[in-house]
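The values are calculated or read from the model by the stated rules, or taken from the named source; none is laboratory data. Everything numeric in this text was worked out from a predicted model, so none of it was measured. For neighbour counting, all protein chains shown are included, and Cβ atoms are generated from backbone atoms with ideal geometry for every residue, glycine included. With ligands, DNA and RNA removed, areas are computed over all heavy atoms of the protein, side chains included. Shrake-Rupley method; radii C 1.70, N 1.55, O 1.52, S 1.80 Å.
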Amino acid sequence: MTHHSDASQASAARMYDVMLGGEENFAADREAVKMLVAHFPTVPDACRANRGFLLRSARVMADAGIDQFLDIGCGLPTPPNLHQVVRRVHPDARVVYVDNDQTVVTHNQSTVDHSGVLTIHGDLRRPQEILDHPRVRATLDFTRPVGVFTVAVWHFVTGDTAHDLMARLRDALAPGSYLGLTHACSDTMPEDEATAGLAVYGQTRNPVQLRTMREVGELFEGFELLEPGLVLAADWRPVDDDPFPERAFEVVAGLGRIPSR
Ligand SMILES: C[S@@+](CC[C@H](N)C(=O)[O-])C[C@H]1O[C@@H](n2cnc3c(N)ncnc32)[C@H](O)[C@@H]1O
């Protein structure tokens, strides 16, 4: 189970769980969220809007025939989960969840994993290890299109390697594969909120790097960005009766597809 050292330092996964109203979090996580939300009360709305994009884009992929998914930086389970949404369309859809936080992996393995749905430990900074993982290879067929998600995770990959890492992931995907991606964006967020966010997350296990619209757009190289392009998460193909209808300006979202040859 969880070690004390895990509990004493806030983590992105558990802070996100706090903001979505979950119960898989510790005092350190709730304190960090409190500091942020005291000054910037819209942050939980941004998390909900982000979650809304994930589920709407998953549905779009499933409706387009995608029945195998790779969700990197999956986080703790929040109902409805990705596999539940895509299995409404493809009851046998396979879903591989990946996270680099062992607390998340252990929890998901005991609560979410079942036939065709599994969670592995993996790091977006080492995409080849994810792609070569025996359980990933046994579950996903990379000669066919895959729906890949990197939702609210690239901003935890600091430095200038994100573009190259994304290219390595893309090169493993068949034409017709999809990429759903969201990112905390320095162009859409007020400067004082950006400064506060960087400071709070800087004290956690998961320091953050914001990127501009242009930098986020560059992660889609090799993909055709589908309508309406890269927009605020809530503006991405809104639907009636969305369980996550919140609007916020911190997170941008897009869905790309590798053109078929
Ligand atoms: C804000 S949560 C997003 C969860 C989910 N993708 C969603 O949008 O609803 C970010 C997750 O990414 C994970 N994460 C951070 N850096 C990562 C990395 N380098 N590789 C894999 N996962 C990472 C964190 O542990 C956390 O669970």
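If I filter segment 142-162 down to residues being more than 13 Å from the ligand (Cβ to nearest atom) and surrounded by 13 or more Cβ atoms within 10 Å (Cβ to Cβ), which single residue comes out as farthest from residue 74 (Cα to Cα)? Before the answer, list the steps.
Start the filter on segment 142-162 by keeping residues that are more than 13 Å from the ligand (Cβ to nearest atom), which leaves 142-147, 160.
Now drop any that are not surrounded by 13 or more Cβ atoms within 10 Å (Cβ to Cβ), which leaves 142, 144-147.
Values: 142: 20, 144: 22, 145: 20, 146: 16, 147: 13 Å.
So, considering only residues that are more than 13 Å from the ligand (Cβ to nearest atom) and surrounded by 13 or more Cβ atoms within 10 Å (Cβ to Cβ), the one farthest from residue 74 (Cα to Cα) is 144.
Conditions tested, residue by residue: (1) within 30 Å of residue 175 (Cβ to Cβ); (2) within 11 Å of the ligand (Cβ to nearest atom); (3) in contact (Cβ under 8 Å) with a residue 24 or more places away in the chain.
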position	(1), (2), (3)
16	no, yes, yes
21	no, no, no
31	no, no, no
50	yes, yes, yes
63	yes, no, yes
87	yes, no, no
97	yes, yes, yes
100	yes, yes, yes
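Could we say that residue 136 is hydrophobic (A, V, I, L, M, F, W, C), within 16 Å of the ligand (Cβ to nearest atom) and farther than 18 Å from residue 253 by Cβ here? Walk me through it before giving the result.
Values: hydrophobic (A, V, I, L, M, F, W, C): yes; within 16 Å of the ligand (Cβ to nearest atom): yes; farther than 18 Å from residue 253 by Cβ: yes.
So residue 136 fits the description; yes.
Which one is most open to solvent (accessible area, probe 1.4 Å) among residues in segment 13-44 that are closer than 25 Å to residue 186 by Cβ and part of a loop (DSSP other than H, G, I, E, B)?
Checked segment 13-44; the qualifying residue most open to solvent (accessible area, probe 1.4 Å) is 41.
Do we find that residue 69 is within 11 Å of the ligand (Cβ to nearest atom), out of contact with any Asp or Glu (no Cβ under 9 Å at 6 or more places or on another chain) and closer than 30 Å to residue 174 by Cβ in this structure? Quick ask: steps written out before the conclusion?
Details: within 11 Å of the ligand (Cβ to nearest atom): no; out of contact with any Asp or Glu (no Cβ under 9 Å at 6 or more places or on another chain): yes; closer than 30 Å to residue 174 by Cβ: yes.
No, not satisfied.
For (1) modelled with pLDDT of 95 or more; (2) open to solvent by less than 20 Å² (accessible area, probe 1.4 Å), each residue gets a yes or a no:
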| residue | (1), (2) |
| --- | --- |
| 2 | no, no |
| 6 | no, no |
| 11 | yes, yes |
| 46 | yes, yes |
| 52 | yes, yes |
| 56 | yes, no |
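Has segment 169-176 got any residue that is under 21 Å from residue 256 (Cα atoms) and within 11 Å of the ligand (Cβ to nearest atom)? Before the answer, list the steps.
Just the residues of segment 169-176 that are under 21 Å from residue 256 (Cα atoms), to begin with: 169-176.
Right, trim to within 11 Å of the ligand (Cβ to nearest atom) and you get none.
No, there is no match, as no residue in segment 169-176 is under 21 Å from residue 256 (Cα atoms) and within 11 Å of the ligand (Cβ to nearest atom).
With the requirement that a residue be open to solvent by 50 Å² or more (accessible area, probe 1.4 Å), charged (D, E, K, R) and touching a strand residue (DSSP E or B) at 6+ places or on another chain (Cβ under 7 Å), what does segment 68-115 give you?
94
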